[in-house]
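What follows is a single structure, written as structure tokens, with notes after it.
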Amino acid sequence: MAETLTALIFAHILADFLFQTDWMSANKSKPGVLLLHTAVVLATAQAATGHWDAPALLVLAAVHLVIDAIKVWGRFTSLVAFLTDQIAHLATVVAVAWAAPTLWATGAWGALDWPLPLMAILAGLIAATRAGGFAIGLLMKPHALRIRSQGLKRGGWTIGLLERGLVFVLILGGLPLGVGFLVAAKSVLRFGTATRDQRSAEYVIIGTLASFGWAILAAMATGAALALLPPLDLST
């Protein structure tokens, strides 16, 4: 089951956070765009498992469609809605993996071991960076209107992406002390802003702690998944 679950989680992360464009996200209330996203969900699940005609994957895509329709047409846009949506999707993935645990073993890639740990690492990295960006953005959105920004366009988004990626790599690589150096470096770089404006300082602190915490959790989850999978050996 762990192999199938890894492949399906990887497929979900790809479909929701890599292959879902800003245009698709903004227009998902249109039935055609929602169906297009659902087709991407099905295609990524098929490609990840190596199964092209498995009924379980059709069920997975159909439930994904229903969950997204409820979120979009209900106009649920808060952080709680985002997290609830993702928990519902992951619960569906777990249910499908439990009901059809041999999807990976009987699929086109079942004889290969190396794709599984690679899928787990890439899924964790995308979850830490891209998914984390959306989550932290929603968390900070109520405060952003009170902050006057004169920085680069999408500069904060890029900084968050890089810092979460670095934290993920450091934790997964067994170098947690490096995270402390990142925190110290960011504190020094932001010192001038913090001393001039308490509101901006609190905004940065909340965003940084949330960003680092998200990346650490993603790295820990990835490490737990890797412990259940064959070791990554690209030489084979």
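The values are calculated or read from the model by the stated rules, or taken from the named source; none is laboratory data. Note that the structure is predicted; figures quoted are calculated from it, not measured. No Cβ is skipped: glycine too gets one built from the backbone with ideal geometry, and neighbour counts run over all protein chains shown.
Can you tell me which of (1) closer than 27 Å to Glu163 by Cβ; (2) in contact with a Leu (Cβ under 7 Å, 6 or more places away or on another chain); (3) free of Cβ contacts under 8 Å to residues at least 40 places away in the same chain is the one Ile126 doesn't meet?
Among (1) closer than 27 Å to Glu163 by Cβ; (2) in contact with a Leu (Cβ under 7 Å, 6 or more places away or on another chain); (3) free of Cβ contacts under 8 Å to residues at least 40 places away in the same chain, Ile126 violates only (3).
Of all residues being surrounded by 19 or more Cβ atoms within 10 Å (Cβ to Cβ) and not aliphatic (A, V, I, L, M) in the range 51-70, which is nearest to Thr4 (Cα to Cα)? Just the residue, please.
His51
Which of (1) farther than 30 Å from Met140 by Cα; (2) modelled with pLDDT of 95 or more; (3) within 19 Å of the chain's Cα centre (by Cα) does Trp98 not meet, given it meets every other one?
So Trp98 meets the others, but not (3).
Please specify each residue of the range 67-113 satisfying the condition of being among the small types (Gly, Ala, Ser), under 18 Å from Asp16 (Cα atoms) and free of Cβ contacts under 8 Å to residues at least 24 places away in the same chain.
Listed by number, the residues that qualify are Ala81, Ala88, Ala91.
Tell me the residue from Thr92, Thr106, Thr84 that is hydroxyl-bearing (Ser, Thr, Tyr) and under 17 Å from Gly50 (Cβ atoms), please.
Thr106
Scan Val33, Val59 and give me the residue that is in contact with a helix residue (DSSP H, G or I) (Cβ under 8 Å, 6 or more places away or on another chain), part of a helix (DSSP H, G or I) and over 20 Å from Ala88 (Cα atoms).
Sole residue among the options that is in contact with a helix residue (DSSP H, G or I) (Cβ under 8 Å, 6 or more places away or on another chain), part of a helix (DSSP H, G or I) and over 20 Å from Ala88 (Cα atoms): Val33.
Filter the range 127-143 down to residues that are surrounded by fewer than 20 Cβ atoms within 10 Å (Cβ to Cβ) and within 16 Å of His12 (Cα to Cα), then give me how many there are.
2
Does the range 97-117 include one or more residues that are of a type outside the set (Ser, Thr, Tyr), loosely packed, with under 15 Cβ neighbours inside 10 Å, outside the structural domain of Ile171 (by TED's automatic domain parsing) and within 18 Å of Leu14 (Cα to Cα)?
no
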